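Below you'll find the structure, written out as structure tokens, and then a few comments.
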Amino acid sequence: MQSWMVTGWEDCETIGAAGDSVDGFSEGAIRYFGHNILNIDGAPHKQLRASIDASLKPKTVRQYIERLARPIAKEYVSRIRERGSVDATTGLLELVSVRVVANVLGLAEQPDETLQRWFIDLNAGLNNFMQDPDVLVRAETAKAESADFSRERLAELLKTPDETTFAHMLLSNTPDGQPRSFEDLIGTIWVMILGGFQEPGHAAAASLLGVLEDREQYAAVRGDLSLIPAAIHEGLRWIAPFGFAQRRIVKDLEVGGVVIPAGDEVQLILASANRDETRYENPDKFDLFRPRLPVASFGYGSHFCAGHFLSRELEKVTFEEMFTQLPNLRLDPQSAPVITGFGVRGVKHLPVVWDD
């Protein structure tokens with residue numbers, strides 16, 4: 001068995017669209033989270049994915065996004081307005097992300113700081129390649145705490161179902177008509193805590209960094225908020241929140257004139273596909289005015305990110321509040337942004353200032 005790394009847009013798309021020639025596969029997620037949505041295919045995947053999609057379909061998100069996200073974004077921006085500065089990633093965007101997504105998932109009772117710590121520590125544990133014992137302790141603590149809460153929450157939902165994602169995962173589209181067990185769901189819950197909480201906040205930070213680095217683009221967005229979706233889309237291309245996706249070849253597959261044998265593993269480098277110079281002119285530049293083409297950031301096929309629409313809509317609402325409430329928003333000249341990560345990548349710190 002070999003492992004392949006695929007970097008070009010066309011080749012990544014070929015594998016992503018290969019249907020029954022590939023399986024979903026994530027070695028790290030298997031090792032760290034066990035049985036989860038990333039590593040199952042066929043009917044079991046289709047059934048579980050349908051239950052997750054119930055609260056995340058675009059039509060459903062449109063029904064609740066203003067009611068749920070607008071008050072939170074407005075309040076969280078107003079909290080910092082008089083301060084004149086903030087780390088936009090950790091002090092605002094991550095917090096709005098975890099609060100809104102947690103309410104959708106079924107974690108509304110948990111405070112922002114706990115949710116933020118959970119996804120940061122789960123990510124650190126997943127990528128703890130040097131086996132740092134302190135990182136391991138924090139990650140295992142986050143897993144244990146989130147598992148304990150989820151077990152109790154699922155038990156409550158058995159008695160009193162609601163419209164949260166957890167309730168749908170527990171009760172809808174089950175293979176035998178019976179509720180799914182905690183053991184069936186906890187791996188997927190951990191994946192959703194990591195990905196669902198991280199992606200909207202860090203994707204928003206990438207878009208914000210790109211806009212603020214070019215004052216002409218900032219002025220354009222500030223003067224016309226209808227440009228925000230274009231800025232969000234370009235941020236997703238420019239800095240993909242997840243740098244790669246793994247697949248396992250089930251049937252021999254020819255890609256770019258090379259046959260990848262069945263049984264081999266493939267790393268689809270989404271961040272590279274998004275900057276393929278044969279597809280994008282000047283791909284390393286953030287340009288919200290470039291022609292809007294699909295991006296690879298949410299993955300492919302049946303494993304395309306379930307929360308993609310919620311993420312974009314949440315970012316849109318947050319930016320509308322930021323650009324409205326924070327005049328002359330700009331990068332802090334005294335402190336540089338910090339961009340780190342490969343598998344889970346983002347603008348981890350984004351110091352900004354504005355006129356108070």
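Out of region 113-145, which residues are over 22 Å from the mean Cα position of the chain (by Cα) and not in a helix (DSSP H, G or I)?
MET130, GLN131, ASP132
In region 236-269, how many residues are open to solvent by less than 60 Å² (accessible area, probe 1.4 Å), within 25 Å of the chain's Cα centre (by Cα) and not β-branched (Val, Ile, Thr)?
13
Which one is farthest from the chain's Cα centre (by Cα) among residues in region 146-173 that are of a type outside the set (Asp, Glu) and surrounded by fewer than 16 Cβ atoms within 10 Å (Cβ to Cβ)?
LYS159
Within region 83-101, restricting attention to residues that are part of a helix (DSSP H, G or I) and in contact with a strand residue (DSSP E or B) (Cβ under 7 Å, 6 or more places away or on another chain), which residue is farthest from ILE193 (Cα to Cα)?
Only one residue fits best here, namely ALA88.
Can you name the condition, by its number, that MET5 falls short on among (1) assigned to a helix (DSSP H, G or I); (2) over 30 Å from ASP356 (Cβ atoms); (3) not basic (Lys, Arg)?
Among (1) assigned to a helix (DSSP H, G or I); (2) over 30 Å from ASP356 (Cβ atoms); (3) not basic (Lys, Arg), the lone unmet condition for MET5 is (1).
Determine, yes or no, whether ARG153 is in contact with a Leu (Cβ under 7 Å, 6 or more places away or on another chain) and touching a residue at least 24 places away in the same chain (Cβ under 8 Å).
No, not satisfied.
Given the residues SER302, SER311, SER272, which is the only one that is among the polar types (S, T, N, Q), in contact (Cβ under 8 Å) with a residue 60 or more places away in the chain, open to solvent by 60 Å² or more (accessible area, probe 1.4 Å) and not in a strand (DSSP E or B)?
When all the criteria are applied, what remains is SER302.
For ALA144, state whether it is over 29 Å from LEU209 (Cα atoms) and of a type in the set (Gly, Ala, Ser).
For ALA144, the condition - over 29 Å from LEU209 (Cα atoms) and of a type in the set (Gly, Ala, Ser) - is met.
Name the residues in region 3-42 that are modelled with pLDDT of 90 or more and touching an Asp or Glu at 6+ places or on another chain (Cβ under 9 Å), would you?
SER3, TRP4, THR7, GLY8, TRP9, GLU10, CYS12, THR14
Which ones in region 235-286 are of a type in the set (A, V, I, L, M) and closer than 20 Å to THR340 by Cα?
LEU236, ILE239, ALA240, ALA245, LEU268, ILE269, LEU270, ALA271, ALA273, listed by residue number.
So ILE30 fits all but one of (1) farther than 30 Å from PHE319 by Cβ; (2) aliphatic (A, V, I, L, M); (3) in contact (Cβ under 8 Å) with a residue 12 or more places away in the chain; what number is the exception?
That leaves (3) as the condition not met.
Looking at region 160-224, what helices (runs of 4 or more DSSP H) fall wholly within it and have at least 1 residues that are farther than 22 Å from VAL317 by Cα and at pLDDT below 95?
The helices (runs of 4 or more DSSP H) meeting that bar are 182-213.
Within region 25-52, track down each residue that is open to solvent by 20 Å² or more (accessible area, probe 1.4 Å), at negative phi and not hydrophobic (A, V, I, L, M, F, W, C).
SER26, GLU27, ARG31, TYR32, HIS35, ASN39, ASP41, PRO44, LYS46, GLN47, ARG49, listed by residue number.
May I ask you to list the residues in region 203-226 that are open to solvent by less than 40 Å² (accessible area, probe 1.4 Å) and among the aliphatic types (A, V, I, L, M)?
Answer for region 203-226, where residues must be open to solvent by less than 40 Å² (accessible area, probe 1.4 Å) and among the aliphatic types (A, V, I, L, M): ALA203, ALA204, ALA205, ALA206, LEU208, LEU209, VAL211, LEU212, ALA220, VAL221.
Considering only region 314-347, state which residues are touching a residue at least 24 places away in the same chain (Cβ under 8 Å), open to solvent by 60 Å² or more (accessible area, probe 1.4 Å), of a type in the set (A, V, I, L, M, F, W, C) and not in a strand (DSSP E or B).
If the condition is that a residue be touching a residue at least 24 places away in the same chain (Cβ under 8 Å), open to solvent by 60 Å² or more (accessible area, probe 1.4 Å), of a type in the set (A, V, I, L, M, F, W, C) and not in a strand (DSSP E or B), then PHE342 is the only one that fits.
Pull up region 53-67, narrow it to residues that are touching a helix residue (DSSP H, G or I) at 6+ places or on another chain (Cβ under 6 Å) and assigned to a helix (DSSP H, G or I), then point me to the one that is most open to solvent (accessible area, probe 1.4 Å).
PRO58
All but one of (1) under 26 Å from PRO327 (Cβ atoms); (2) not in a helix (DSSP H, G or I) hold for GLU109; which doesn't?
All conditions are met except number (1).
Name the pairs: first residue in region 89-113 and open to solvent by 10 Å² or more (accessible area, probe 1.4 Å), second residue at pLDDT below 95 and not in a helix (DSSP H, G or I), Cβ to Cβ under 6 Å, at least 6 apart or on different chains?
Pairs found: none.
Condition first: of a type in the set (Val, Ile, Thr) and over 19 Å from the mean Cα position of the chain (by Cα). Can you find one or more residues in region 84-106 that meet it?
Yes - at least one qualifying residue is present in region 84-106.
Exactly one condition in (1) out of contact with any Phe, Trp or Tyr (no Cβ under 9 Å at 6 or more places or on another chain); (2) over 27 Å from PHE244 (Cα atoms); (3) not small (Gly, Ala, Ser) is not met by GLU109; state its number.
(1)
The values are calculated or read from the model by the stated rules, or taken from the named source; none is laboratory data. Model, not experiment: these values are computed from the prediction. Every residue, glycine among them, receives a Cβ derived from its backbone with ideal geometry; neighbour counts consider all protein chains shown. Accessible surface areas use protein heavy atoms only, side chains included; no ligands, DNA or RNA. Shrake-Rupley method; radii C 1.70, N 1.55, O 1.52, S 1.80 Å.
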